[in-house]
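Notes follow once the structure below has been shown.
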Amino acid sequence: AIRDLELLLEDTGLPSDMDRKVRSTLADAKARRSSKGSEPDDEPAAAPPPPTPDDIAKAYLQKAQSLFDQSQKESGEKREKTRLEARAYLEEVKKKWETWKTRAEAVEKAELTAEEVAAIEEEKNPFLPWKEAMEHLRQSDYVAAVPLLKNVLTSNDPRAAAYRRDAHYYLGVGLFQQKEYRAAMTQLEEFFGTDGPPPRYGADAAYLRFKASEALYSKGATEETTKLYLDATKDMLRRYPNHKSVFEAYFRLGEYEQSHGNYLAAADYYQKVTGDVPFRVRADYATLQSYFSLVDALEAKKPIPISENDLWKRIVPSIQSFWKSSAALDQNPAQAQQVPLREYRGRVTFLNTIVLAKNMNANAEAIITLLQDFEKKYPEQEKAFESVARTRIIALEKTGRFADLEKAVDAIVARYQPAQQQELLKGLPQVVAADVKRLEKQEDKESLLAAKRLLARLYADRLKRGEAFAPEESPDQFKYNLAQLYLDVKDYENASQLYLELRKGGAYSLAALAGLARIAEVKNELPQATTYWEELLKGSQVGDPLWFNGTHGIAQIQAKQNNPEQACKTISAAFVMIKRVTDVGLKKKIQDLSVQTCRK
């Protein structure tokens, strides 16, 4: 037959003499088929004899063996297709050439797997319960498949024996789909309990057993279900360490250890989660949760199974790993929906801040950037807001960003109750007051003005909250300092209110008059200013700091009123005692006014 000859020629391993015979015979056969009875012009050259049936049978066997050998280098559907073709050649030999049947069967015995032999037998003599069960399973009809699979397991029919192990697996699948998890585990245990390693379905069965045990554990974590869960999970990892879902098993073990306070063990399991990006993000997040639980234990003076230094060495790269994996998740919006990404990022941002704050001086700018709009971006992190607000104002103060710091203080006052404000702003006025003194020496006018404006705001907020003063604190001095700040930042209205209050009596009543006089001068209310300075002079002693201030103030007004002679006379009273002036700035003002009015 022409087709038989063509098939033989497809075999690249055909011996050369056989190849020649087949080609000659094929050409002759095709010529005879196309001939209409005409005689050839020339006598053809002698052709080699056609292949005998034995030649063709042998070639078929060679072709089958060649295909079997080829299949060893293949996998999946391609391998299955090659092996089916090899079996087809063997079946042809057994059907057409009785004398070669034994040899074909020998090749089958040597090459066919047990599954392939079983499939052949099934085709010849099907066991109906098994066949019907498989049909239902292909249609995902587990309700119909389960009783048939049970029948396979209990049947006395000799043919059932070949299917029992697989029946345990498929019955486990069917019961799992019906949420009968304990019964499913029983069948899967039977599947693994059969002698020898499972030839197929083993990896899937291990994963299914793990999921069934997880479902039982989730319903109720008893001593029994916990053991089943841990045993099934670890057995899957032991048997199939390269399973496609091994990441899930490692993650669940991490969850278990974390929930039982074994944070280092949990982190070690989480580190083994690879491949699946959503699970990797979850694992990175859970790793940080575990490590910071150990940080909390340290702060509570509790022992932990790792040194503090080594713990922080683990935390830093874990934070970096989270940012990297979460960025990768952004590339797949569908996968990103599987993870509460904004919540995770908010929490890790906060944890990242804690790490950076361990060296606030070096990392203040980075912290400010990290916490920008934190409350707006991550509203679900409300529990962290107070800590974030406190950290932000510390970082802003460290960088000297007083205008931004004032906005941060505004936000605290707007969001929190007085008691919370007091706690969040604790220590800040003292630090900013020190900044003001430092900036005064540096003559950084712009920063100094911003710092004074902030300090005034902080002092005013304290008064508004009604925060009690310590025994060593003077309320009048506090109000006077605030009034002076208002004066410096040109908030004359608030300054006047405080000066008027202080003028009524107390240690700062005379000093308050100086402030009121200066405000009147700024407003060009010179008669009123003079009244305040004169009242101050009446209440002070000659040679006192306030007396020098008052004398200079009146002389300056006289000069502005084009009365240089009187101004000279007034300032001269102070000039003759100038050595007693300790305030360098005031001393220079007296000297300058003396030169201006007295011409000397």
Pair list, Cβ < 7 Å and 6+ apart or interchain, from segment 507-528 residues that are closer than 19 Å to N481 by Cα and aromatic (F, W, Y) to residues that are in a helix (DSSP H, G or I) and modelled with pLDDT of 95 or more: Y508/D476; Y508/Q477; Y508/Y480; Y508/L502
Residue satisfying condition, being surrounded by fewer than 16 Cβ atoms within 10 Å (Cβ to Cβ) and among the hydrophobic types (A, V, I, L, M, F, W, C), within set V316, V295: V316
Scan of segment 264-282 for residues that are in a helix (DSSP H, G or I), free of Cβ contacts under 8 Å to residues at least 40 places away in the same chain and crowded, with 18+ Cβ neighbours inside 10 Å, ordered by number: A266, Y269, Y270, F279
Residue in segment 227-245 that is nearest to Q177 (Cα to Cα), counting only those that are buried (at least 16 other Cβ atoms within 10 Å of the Cβ) and free of Cβ contacts under 8 Å to residues at least 24 places away in the same chain: T233
Helices (runs of 4 or more DSSP H) wholly inside segment 118-189 that include at least 3 residues being touching a residue at least 12 places away in the same chain (Cβ under 8 Å) and closer than 30 Å to G220 by Cα: 142-154, 164-177
Lone qualifier among P305, P333 - being in contact with a Leu (Cβ under 6 Å, 6 or more places away or on another chain) and surrounded by fewer than 12 Cβ atoms within 10 Å (Cβ to Cβ): P305
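Conditions tested, residue by residue: (1) of a type in the set (K, R); (2) farther than 30 Å from R200 by Cα; (3) in contact (Cβ under 8 Å) with a residue 60 or more places away in the chain.
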{"site": "A57", "(1), (2), (3)": "no, yes, no"}
{"site": "F68", "(1), (2), (3)": "no, no, no"}
{"site": "K73", "(1), (2), (3)": "yes, no, no"}
{"site": "G76", "(1), (2), (3)": "no, no, no"}
{"site": "K81", "(1), (2), (3)": "yes, no, no"}
{"site": "A86", "(1), (2), (3)": "no, no, no"}
Residue in segment 577-593 that is free of Cβ contacts under 8 Å to residues at least 12 places away in the same chain, under 22 Å from Y508 (Cα atoms) and under 60 Å from the mean Cα position of the chain (by Cα) present: yes
Looking only at segment 292-331, and only at residues there that are aromatic (F, W, Y) and more than 14 Å from the chain's Cα centre (by Cα), the one that is nearest to F247 (Cα to Cα): F292
Conditions (1) assigned to a helix (DSSP H, G or I); (2) touching a Pro at 6+ places or on another chain (Cβ under 8 Å): number failed by A434: (2)
Any hit, segment 299-307, residues being hydrophobic (A, V, I, L, M, F, W, C) and either assigned by TED's automatic domain parsing to the domain that holds A205 or over 29 Å from A327 (Cβ atoms) (or both): yes
Flag for Q338 being surrounded by fewer than 16 Cβ atoms within 10 Å (Cβ to Cβ) and over 21 Å from R392 (Cα atoms): yes
Scope segment 135-159; condition closer than 20 Å to I120 by Cα and either touching a His at 6+ places or on another chain (Cβ under 6 Å) or not assigned by TED's automatic domain parsing to the domain that holds T194 (or both); matching residues: none
Yes/no for D157 being surrounded by fewer than 18 Cβ atoms within 10 Å (Cβ to Cβ), at pLDDT 95 or above and more than 28 Å from A88 (Cα to Cα): no
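Residues are listed down the side, and each one gets a yes or a no for (1) of a type outside the set (A, V, I, L, M, F, W, C); (2) at pLDDT 85 or above; (3) under 24 Å from R159 (Cβ atoms):
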residue: Q62; (1), (2), (3): yes, yes, no
residue: S71; (1), (2), (3): yes, yes, no
residue: K81; (1), (2), (3): yes, yes, no
residue: L90; (1), (2), (3): no, yes, yes
residue: T99; (1), (2), (3): yes, yes, no
residue: T102; (1), (2), (3): yes, yes, no
residue: A106; (1), (2), (3): no, yes, no
residue: E111; (1), (2), (3): yes, yes, yes
residue: A114; (1), (2), (3): no, no, yes
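Yes/no per residue for (1) over 30 Å from L112 (Cβ atoms); (2) of a type in the set (D, E); (3) within 27 Å of the chain's Cα centre (by Cα); (4) at pLDDT below 95:
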| site | (1), (2), (3), (4) |
| --- | --- |
| R200 | no, no, no, yes |
| T222 | yes, no, no, no |
| T226 | yes, no, no, no |
| D231 | yes, yes, no, no |
| V246 | yes, no, yes, no |
| F251 | yes, no, yes, no |
| E255 | yes, yes, yes, no |
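Every residue, every condition in (1) within 25 Å of T274 (Cα to Cα); (2) hydrophobic (A, V, I, L, M, F, W, C), yes or no:
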{"site": "L294", "(1), (2)": "yes, yes"}
{"site": "N309", "(1), (2)": "no, no"}
{"site": "W312", "(1), (2)": "yes, yes"}
{"site": "N352", "(1), (2)": "yes, no"}
{"site": "V355", "(1), (2)": "no, yes"}
{"site": "A364", "(1), (2)": "no, yes"}
{"site": "L371", "(1), (2)": "no, yes"}
{"site": "K376", "(1), (2)": "no, no"}
Considering residues of segment 92-104 that are free of Cβ contacts under 8 Å to residues at least 12 places away in the same chain and loosely packed, with under 15 Cβ neighbours inside 10 Å only, the residue nearest to P53 (Cα to Cα): E98
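The values are calculated or read from the model by the stated rules, or taken from the named source; none is laboratory data. These numbers come from a predicted model, not from an experiment. All Cβ positions, glycine included, derive from the backbone under ideal geometry; neighbour counts span all protein chains shown.
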